[in-house]
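Notes for the one structure printed next.
The values are calculated or read from the model by the stated rules, or taken from the named source; none is laboratory data. Note that the structure is predicted; figures quoted are calculated from it, not measured. Methodologically, a virtual Cβ is constructed for each residue, glycine included, from the backbone with ideal geometry; neighbour enumeration extends over all protein chains shown. Surface areas here come from the heavy atoms of the whole protein model, side chains and all, with no ligands, DNA or RNA. Shrake-Rupley method; radii C 1.70, N 1.55, O 1.52, S 1.80 Å.
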Amino acid sequence: MKNIKQYIDTAMRRENGDFILKGGNIIDVFTGGIYKADIVVNNGIICGVGNYSGVNEIDVSGKYVMPGFVDAHVHIESSMTSPAEYAKAVMPHGVTTVIADPHEIANVCGKDGLDYMRQASSDIPLDVKIMLPSCVPATPFEHSGAAITADETQNMASDFHGIAEMMNYPGIISCEPETLGKLCGDIIDGHAPLLSGHELDAYVSAGIKTDHECSLENEMTEKIRKGMYILLREGTLSLDIAKLIKGVTAHTLRRCAFCSDDRFVGDIINNGSIDHCIRKAVSLGLDAIDAIIMATLNACEIYGIKNRGAIAPSYAADIVIADDLSLTSILYVYKDGILVCRNGKALFDCELVNTTNVTNTVHLPQIDTDFFKETLPDVITAIELIPRSIITKKVTVKKYARLSKVCVIERHNQLGTKGLAYVTNYNITDGAIASSIGHDSHNIIVIGDNDSDMALAVNTLGKTGGIAVCSNGNVLSFMPLVIAGLMSSKSAEEVTKEHNSLYEAAAKLNINNEIDPFLSLAFLPLPVIPEIRITDSGLFDVTKFEFI
C-alpha cells in the first residue's frame, strides 16, 4: 500500500510528519504562481501543502521553495569525475535528478562501462536515470573500444530508463536495419543538429522525441512543430540558451527543458548546473517561474518520471530552498525528504566503487616522431574551428598557412589506424596537447606544431590516459584519468585544481584565446556534428557522410 494510510493521516493532521517546512513561498509549477504555505513531509513524500504544525518545524518564511531541478541530458563522464563526486558537485546547486547517457564510457569499455556507471550511481543521493546508449560506436566510420548491437540493445533495454541519443540520423533516414533495431521502448532521445524538412519528418516518425542539438531558433520551432521536445543546452563548450531563448513562448514553454550535456566539474562548482541555466534564461528575458517549470515539471513529464517535479501532495520531497528567485543562494536541498546539502555544501559521502574493469584502457606502442610525418600538396582541405562552438567548417588552405597538425590514433584494440589532418584557428606554438578524450569513440587525439612534442604528449598518457601538455621536449602538465581514460578517481576539488594546471600550461603555447584548447580538441573526432571531423580512419565530411 506504500504507506498510503500514513500519508492520508499526515495530510489530515491525524499524524505528525517527519518534518514541516513552515511559511515558505511555494513555487507552483502547475499554475505558474507563488503562494505562502507549509509543507508536511512523511517518509520522503510530500503529504500536504497548506496550514500545518508539528514537532519538527523548520522555519523557511521569506524563502522560496521549489522542486528539485532535473538535468534532462548529461554525460557524467564529461565532468571528469566519478558519479559520486559528480553528485557532490551538482546537488548543492539544486539538481536532484539527471537523465544520464553513459555512452562515453560504453564506447571505451562496453558493458563493463555500463555496469560501472550503474553500480557507481546506485548508492548516491542523486537520482540517476541511466539511458542505454544507442550508438556504440557512434558511426561505422571510426573504431571504438566496444560495440552494442541491436539485439543486445533489445535484450538490455528493460534494465534502463530509455534509449539514449540516436546520433546516427543518416542510418535512421536510410532505414538501416541495425540502426532501426535499436529504437525500442517508449523513451528515445534524439540528436539531430540542423536536421529539417522531410529528413526531420522521417527521424521523428521513428519515435524519437527529444533534441538537445538545436543551435537556431527556427530549427527549434520546426522541431517543436513536428512534436519534439527541445532541451536547451548550456554545457562548457556548447552554449545554446542565448541562441534559443526567444523560441520559448507561452505556447512552446511546455515543450522545453534544460540540459548540460557536457559540463566540466569545475564549471559546475564555480557557476552551477541547471541553476545556471535558469539564471541565464531569466537574464535573457524569460520569466523566472517559467524557467523553473522547464527545469522541473517539464523534464519529469518528458521522461515519464512520475510524482516528481512539483511541490504537491503525493510528490517526492525533492525540494530546493533559496533566498530568492535568482538562485544566487541555495540554502537547502532535500532528496526524498532527506537534507543532502546546506549552504552550498554536500552533507553526504559515498563509498568507492571497484574500477578494475574500467582502468588501463590505452593500448598503444611507444610513438616516435616519424609516426606523424607526411607529404602535403600545395593546397589542402582543413578543419576550421569556430569560437565557442563544436560546429566546424570545411576550408581549403595553402600548406604554408598557419596550421596545427592533428592526429587521431586508435587506442582500444591495437589496430594501428590513424587519421592525420590540419586545423585552422587553433594556433598552437612550440608544443602539443594529447588527450584520451575524443568523442565519442575516445581514441587518442593529439594536436601540435611539431612532431617531437606530439610524440611526447601521446607517450605521456601511458596506459591510463588523460590529458598532457608538452613544449620543447618537456611535460608541462599531465592530468591522469584512470577511469576509462575519461574520469579521475580523485575528488572534484582535486580534479578542478589539476584541470586549472592544464589551462595554465596551455596558456604558454599561444593557443587562440577564443578556442578552448581541450574541449575543442575533444569534439574534433565526433563524425555526427557538422561540418568536418577527423577520426582514426581519416578526414571526414559530415554533410556528405563520407571520407575526404
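The distance between label points at ARG13 and ASP370 comes to 8.7 nm (points 7 Å beyond Cα on the Cα→Cβ vector). THR328 exposes around 100 Å² of accessible area when a 1.4 Å probe is run over every protein chain in place.
Here the extension length gained between ASN270 and ALA242 equals 8.1 nm, from 0.36 nm per residue of separation less the Cα-Cα distance. Summing -39500 (n - 2.57) over the DSSP H runs of n ≥ 4 in the chain and dividing by its residue number, what mean residue ellipticity at 222 nm do you reach, to the nearest 500 deg cm²/dmol? That calculation yields -6000 deg cm²/dmol at 222 nm. Each residue was assigned an accessible area with a 1.4 Å probe, and for GLU493 the value is about 120 Å². With the cut-off at under 16 Å, measuring from each backbone N in region 177-198 to a point 7 Å along the Cα-to-Cβ line of THR149 picks out 177-183.
Within region 304-318, what residues put their amide N at less than 14 Å from the label point 7 Å along the Cα-to-Cβ vector of ASN56? Within reach of a label on ASN56, which here means backbone N under 14 Å from a point 7 Å along Cα→Cβ, region 304-318 contributes 317. Checked against a 25 Å cut-off, the cross-linked pairs LYS246/LYS394; LYS393/LYS463; LYS243/LYS399; LYS226/LYS280; LYS373/LYS394 give Cα-Cα distances beyond that limit for LYS246/LYS394; LYS393/LYS463; LYS243/LYS399; LYS226/LYS280.
Accessible surface calculations at 1.4 Å, restricted to protein heavy atoms, place region 1-54 at 52 Å² per residue. Based on C-alpha pairs under 8 angstrom that are at least 6 apart in sequence, the chain has a relative contact order of 15 percent. Surface calculation, 1.4 Å probe, protein heavy atoms: GLU178 sits at approximately 90 Å² accessible.
Express in whole angstrom the spacing between the alpha-carbon centres of region 529-545 and region 197-222. Each part reduced to its Cα centre gives a spacing of 21 Å. When all protein chains stay in place and ligands, DNA and RNA are ignored, the 1.4 Å accessible-area order of LYS246, LYS209, LYS223, largest first, is LYS246, LYS209, LYS223. Counting protein heavy atoms only, the chain has 48 percent of its accessible area on carbon and sulfur, 1.4 angstrom probe.
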